[in-house]
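The values are calculated or read from the model by the stated rules, or taken from the named source; none is laboratory data. Computed from a predicted model, the values in this text were never measured in an experiment. Please note: Cβ atoms are built from the backbone with ideal geometry, for glycine as well, and neighbour counts cover all protein chains shown. For accessibility, only protein heavy atoms count, side chains too; no ligands or nucleic acids. Shrake-Rupley method; radii C 1.70, N 1.55, O 1.52, S 1.80 Å.
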Amino acid sequence: MTYTASVTVTDQLGLHARPAAQIAKLVKSAIDSNPALVVTVKHQSGKQAQAKSALMLMALGAKSGESIEVQVDGASDEAAAALVAEIQGLLIE
Amino acid sequence: MSDSRTDVVLSGIGVGLTSATAPAFVVAATQTLPPYRMSDLTPQEETERLAASVAKVQLSLQAVAADSTDETREVLAALAEIVTDDVLIEHAREFIDQGWSAEAAFGKAVSDFVAPLITADAAERFDDFEWLSQLVQADLAGISTVRELPTEGRWVLVVDDLTPADTAQFTDAIAGVVTLKGGPTSHASIICAARGIPAVVACAEAVTVTDGETLLVDELGSRVVVNPVELQASYSVAFTTRLPEPLIAVRANVGSVQDAETASTAKAAGVGLLRTEFLFSGAQTEPTHEAQVAQYRAIFESSPAGPIVVRTLDVASDKPLKFAVSSLEEQDRGYRFLVDNLGLIERQLDALSAAQKLSGREVWVMAPMLGSPDQVRYFADLVRARTDFRVGVMIELASLAHTVAELAGIVEFVSIGTNDLSQDLFGIDRNNPVQPELLDHWQPRLVELIGRVAAAARKAGIDCSVCGSAASDPTFAVVLAGLGVNSVSSAPAAVSHVRESLMAFELATATKAAEIALDCPNSWAAKGAVQAFLIHGAIL
């Protein structure tokens, strides 16, 4: 099962260390309860990152106002949508 | 202690608006980490050492984060997450496989991999990650990084620099802070400013301070005084007022209704700098005409009697707006921002004009960061086509400071922004000064340039004001009057102090004070010589 959704970085400072760390923590705890889960984030520049690594998320260089694509594999659409909503919540400042 | 030193002045960069006097508590520097070395153990063993250590550091960071109440908590929580980041550990393992010790491998992974991710406009400072790297290396090497800070009594901490773990244990026992390193944006500065703890940072000379010496943390004077006897905090330099009114008008810098009210209470003669960014930063979309009119009107109506000088939107390079075209380059803040966002500025002018009519106040308008008379003419034409405001420009770039004579007939006033001007004049990044003393407003070459701008403006029939930190220093305000500046605009909390000092001296004395400052070799000598002259009538 692949679920894809777009989220917008509205934090004024872009996807910097603090939200990146919060997203990585969230994704890691989701993986703990579902080891099949893979969450990938794609940036318009073509770069992509595993969402369980805060540093890889920071390396995307996503700026405020840009959209990033979140791809969730290995979860039900319902669980994936809930996860994406939580990620969007962490990108609002 | 009959042989103890008194009134020794150590200069640094002040943070905050109050001073403190208390005995020094010198915090020992943490033990230096050993240099990177190759390992005697197998890569497998080093990998296990590293895994155990990052787990331990993660736990201790989480524990300190849980006990913190301020923004330190968020930084610590992010670092606690990042210390076990898969990709970071993967990088460290590559170094371990090359034969490095776990300490060296982690240190190298942070500098090779994390450093490039921290861009100049990020909220975090690389310092935080450097500290994380040191925590792990110290733990691996068996070195303690915990520093005991006092929890009873009242002390001024003297310390190389403060880490988030240090500030997390701050109590009321910390009356003031002096750091040898750091700068205006380092962790210590941010926390001290947020908590109202007077601090002087980047004060390398404080290395001479010994435990128990009495320290005056005079953050407004950007200095520390050891065992003060004659010298006092810059605020309480008690000038006796002799004149009914200040030598030159004292206006206020305002960014909110509350600032405007404080300025009114302090009897400011109008607003010398109304920053309009508050309306825009953090907004997801451009504020509507109605919203802008309502906010400007509220501030205009709370402002002290006198003109209100509004600066059009000035977007800092580190906080781009979602609805504007903004470059991340510092030099694009002025003309580039203006032409790229013409509609935004036109709509701002229209809202200001409507608010002016509703409030009946006298409004002047000026643009930030312009660099040439042509650019200024472009702005002036823009304003005059839509409003009947007096038009001016900020002098923040050396190029414009040198061409003020050519502004005759184009603008009616100029306002010198000393913070940005000194940065441009000396080619120094304000957030990362190598020689912080060059950014001090007492720097004689800056004083000289202000004098030249004032003289050129007078000749061209242009009103000349100074805003920025220089205009909030009561003693320096006397120098500004002596240089021929027509008005100053001070922080609301500083208005009454600046007024007092400008009511204490005749113009001839102010002119002499300016001459004394110009004759000095550096900022710290200029400050000392002018204070001695104004307080004791002494010429050093």
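The strands (runs of 3 or more DSSP E) falling completely within chain A that include 3 or more residues that are more than 9 Å from chain B (Cβ to nearest Cβ) and either more than 13 Å from the chain's Cα centre (by Cα) or touching a residue at least 60 places away in the same chain (Cβ under 8 Å) (or both) map to A:2-8, A:67-73. With respect to the stated conditions, residue B:496 is over 23 Å from residue B:391 (Cβ atoms) and either touching an Asp or Glu at 6+ places or on another chain (Cβ under 7 Å) or among the small types (Gly, Ala, Ser) (or both).
Of the residues that sit in segment B:66-78 and are more than 11 Å from chain A (Cβ to nearest Cβ) and open to solvent by 50 Å² or more (accessible area, probe 1.4 Å), which one is modelled with the highest pLDDT? Ranking the candidates gives B:66 first. For segment B:201-223, enumerate the residues that are under 14 Å from residue B:22 (Cβ atoms) and in a loop (DSSP other than H, G, I, E, B). Matches in segment B:201-223: B:209, B:211, B:212, B:213, B:219.
Within segment B:371-393, none of the residues are hydrophobic (A, V, I, L, M, F, W, C), surrounded by 19 or more Cβ atoms within 10 Å (Cβ to Cβ), within 25 Å of residue B:468 (Cα to Cα) and in contact with a Gly (Cβ under 6 Å, 6 or more places away or on another chain).
If you go through segment B:507-540 and pick out every residue that is under 14 Å from residue B:442 (Cβ atoms) and among the hydroxyl-bearing types (Ser, Thr, Tyr), you end up with 1.
Number of residues in segment B:41-65 that are of a type in the set (A, V, I, L, M, F, W, C), within 36 Å of the chain's Cα centre (by Cα) and surrounded by fewer than 17 Cβ atoms within 10 Å (Cβ to Cβ): the value is 2. Entry remark, segment B:269-291: residues being at pLDDT below 95 and open to solvent by less than 10 Å² (accessible area, probe 1.4 Å) number 2 in total.
Inside segment B:20-40, residues that are within 26 Å of residue B:90 (Cα to Cα), open to solvent by 60 Å² or more (accessible area, probe 1.4 Å) and touching a residue at least 40 places away in the same chain (Cβ under 8 Å) make up a count of 4.
Within segment B:460-506, the set of residues being closer than 22 Å to residue B:445 by Cα, open to solvent by 40 Å² or more (accessible area, probe 1.4 Å) and either part of a helix (DSSP H, G or I) or not assigned by TED's automatic domain parsing to the domain that holds residue B:440 (or both) comprises B:469 only. If only residues of segment B:79-91 that are among the hydrophobic types (A, V, I, L, M, F, W, C) and open to solvent by 10 Å² or more (accessible area, probe 1.4 Å) are counted, the one that is nearest to the other protein chains (Cβ to nearest Cβ) is B:87. Considering (1) assigned by TED's automatic domain parsing to the domain that holds residue B:491; (2) at pLDDT 90 or above; (3) open to solvent by 60 Å² or more (accessible area, probe 1.4 Å), the lone condition that residue B:319 does not fulfil carries the number (2). Condition check for residue B:4 on (1) touching a residue at least 12 places away in the same chain (Cβ under 8 Å); (2) part of a loop (DSSP other than H, G, I, E, B); (3) over 36 Å from the mean Cα position of the chain (by Cα): one failure, at (3).
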